[in-house]
Amino acid sequence: MGGFAGSHRNTVARLEERGIVRLVCACDPRMVDFADERQAWRFAQRGVRVFSDYREMLDACHRDLDYVATPTPIRMHAETHDAITAHGLPAYVEKPPTLDHGELDRMIAADARARLSSVVGFNFIVEKSRLRPKGRLLSGEFGAIRGGTLSALWPRPSGYFARNGWSGRLIIDGHVVLDSCFGNAMAHFVHNMLFWTGTKGLFSWAEIAAVRAELYRAHAIEGADTFFVEADLATGCMLRFALSHACAGASTSSEIVICEKAILRYAVGGQVEVSWKDGTSERIPSSPFDGLKENHIEYCRYLRGDVPRPATTLEDSRPLVVLNDLAHVSSGRILPIPARLVSRSRDEKEQKEYLSVAGMAKVVERFLCRGVWPGYEGWRRDNGEVLAPSDLDRFQPTVRAMAEEAAAAP
């Protein structure tokens, strides 16, 4: 009930005060450690039953539930979703649902047992300030989509990767996890770019045609903390992504959609800026947005029948999962960023150490704007292969080889 599960718990409590939901039960394998907190949360007065095993909780309470939220580690998403849907219940699955395309197929099949569709918590899709420009994109107001870029640099202290047993891991107990900035921490933004470029309706995502990638690490982890990825879409346009945790300073993200008549720049929590090719510009303001709260509310609207579909279904997550999997296969290896480029700094206020890469901003800009890969910038590696979804059969062997190489590294 701590960590991000605590964020869900607090959100549900606020929604309960408004009469939107009612918390029926909760589960944590260390629930006995939360005795004082349960009293503060007024679980007994609210009639909330508590369990240390989610299977026991579902067996005991499933008849009283409309949906179950699963803010668990990634490797547990498929397992808990399977148990929930076996009772005919839909789930609020935290993002990403999984990062294994084969496991996603099994989750989609299992979801058919539920009386309604599960939702995946990619929080920003329900932003009104996102849906309005997407509608204008579909109407053709900005002209045809030519491409797009995502830059997302989120500093993470070295201790971030030691906070639990799965951070920065590729495989745990034989199960593919692929925790990374691209697939987990900043997966929202990757999913956003695929949403912007989905052309089959308001709630549609781009179809991946081909992928090329270079994956790196600066931290002493099993997986990658830095991604440079290029994706050709089925529509013929291209997206470029540059994401990293190996940086210092303020976190930044920028979603850019390049169209025939205008360029759209979107920053989560900020405004949409439209730069027209005729030299004029417009700014579309955004409203305050609590992603977790709004997604629970929107999902409840779907469950009540007020809207026809969840914001993001398991099937809608397929482009992200395929893109992430092919990025790993294309890169083939996760190479260390040259040590001469990596420096350490300590934030005395936070008492935390950060790693940052010299020239990162320039490398990101040259890649996103000109397609110059880090391998050409002295990061000492060959370019990744250009691969299609038909190459996904190479995914499992590639990831296992990456994990073995990381284990053997000094």
query: Top mean-square fluctuation among Glu230, Glu37, Glu141, Gaussian network model of the chain, C-alpha springs under 10 Å?
result: Glu37
- request: State, to one decimal in nm, how far the label point of Glu385 lies from the label point of Ala408, with both points 7 Å from Cα in the Cβ direction.
  value: 1.9
task: Run the numbers on the chain and let me know its relative contact order in percent, using alpha-carbon pairs under 8 Å that are six or more apart.
output: 17
- line: If unit charges are put on Cβ atoms (+1 for Lys and Arg, -1 for Asp and Glu) and the dipole of the chain is taken about its Cα centre, the option from Val363, Ser139, Leu65 lying farthest towards the positive end turns out to be Ser139
- prompt: With charges only on Cβ, +1 for K and R and -1 for D and E, what is the dipole size of the chain about its Cα centre, in debye, rounded to 20?
  reply: 900
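Placing +1 at every Lys and Arg Cβ and -1 at every Asp and Glu Cβ, with all other atoms neutral, what dipole size does the stretch 58-100 have around its Cα centre, in debye to the nearest 20? If you can, show how the numbers build up before the last one.
Working: 3 positive and 7 negative charges, 18 e Å.
It comes to approximately 80 debye.
Calculated FRET efficiency, Trp276 and Leu131, Cβ-Cβ r, R0 25 Å, to nearest 0.05? Working shown, then result.
Numbers: r = 21 Å, r/R0 = 0.83.
Between Trp276 and Leu131 the formula returns 0.75.
Relative contact order (percent) for the stretch 341-410, with alpha-carbon contacts under 8 angstrom and 6 or more residues of separation? Please report the intermediate quantities before stating the final value.
Values: 36 pairs, mean separation 10.5, N = 70.
Here the relative contact order equals 15 percent.
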- prompt: For the stretch 193-315, what value does the Rg/Rh ratio take when both radii are computed over Cα atoms and Rh is the Kirkwood radius, given to two decimals?
  reply: 1.00
Compactness relative to 2.2 N^0.38 Å, alpha carbon Rg of the stretch 3-123: 1.05
Full-stretch length increase - Val342, Arg400 - with 0.36 nm per residue and alpha-carbon distance subtracted: 18.2 nm
- prompt: Nearest 20 debye, what's the magnitude of the dipole of the stretch 89-245 about its Cα centre given +1 on Lys and Arg Cβ and -1 on Asp and Glu Cβ?
  reply: 600
message: What FRET efficiency comes out for Arg301 versus Cys369 if R0 is 41 angstrom and r is the Cβ-Cβ distance? Round to the nearest 0.05.
response: 0.55
query: How much length is gained if the chain between Arg22 and Arg115 is pulled fully straight, taking 0.36 nm per residue apart and subtracting their Cα-Cα distance, in nm to one decimal?
result: 31.5 nm
task: Work out the charge dipole of the chain with +1 on the Cβ of Lys and Arg and -1 on the Cβ of Asp and Glu about the Cα centre, then indicate which of Thr199, Ala220, Leu264 is farthest towards its positive end.
output: Leu264
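Normalised by the residues of the stretch 3-123, what does the relative contact order come to in percent, with Cα pairs under 8 Å and at least six apart?
Numbers: 159 pairs, mean separation 24.0, N = 121.
Relative contact order comes out at 20 percent.
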- prompt: Measuring from centroid to centroid over Cα atoms, what is the spacing of the stretch 280-311 and the stretch 181-237 in Å?
  reply: 22
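So what's the projected area for the chain, the Cα convex hull averaged over all directions, in nm²?
On the way: hull surface 83.6 nm².
One quarter of the hull surface, i.e. the mean projection, equals 20.9 nm².
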query: If you take the charge dipole of the chain about its Cα centre, with +1 on Lys and Arg Cβ and -1 on Asp and Glu Cβ, which of Leu292, Asn383, Val211 is farthest toward its positive end?
result: Leu292
message: Within the stretch 199-217, list the residues whose amide N lies under 18 Å from a label point set 7 Å along Cα→Cβ of Glu260.
response: 199-201
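Coordinate-derived values only; no laboratory data. All values derive from a computational prediction rather than experimental measurement. Cβ sites come from the backbone with ideal geometry, for glycine too, and all protein chains shown count toward neighbours.
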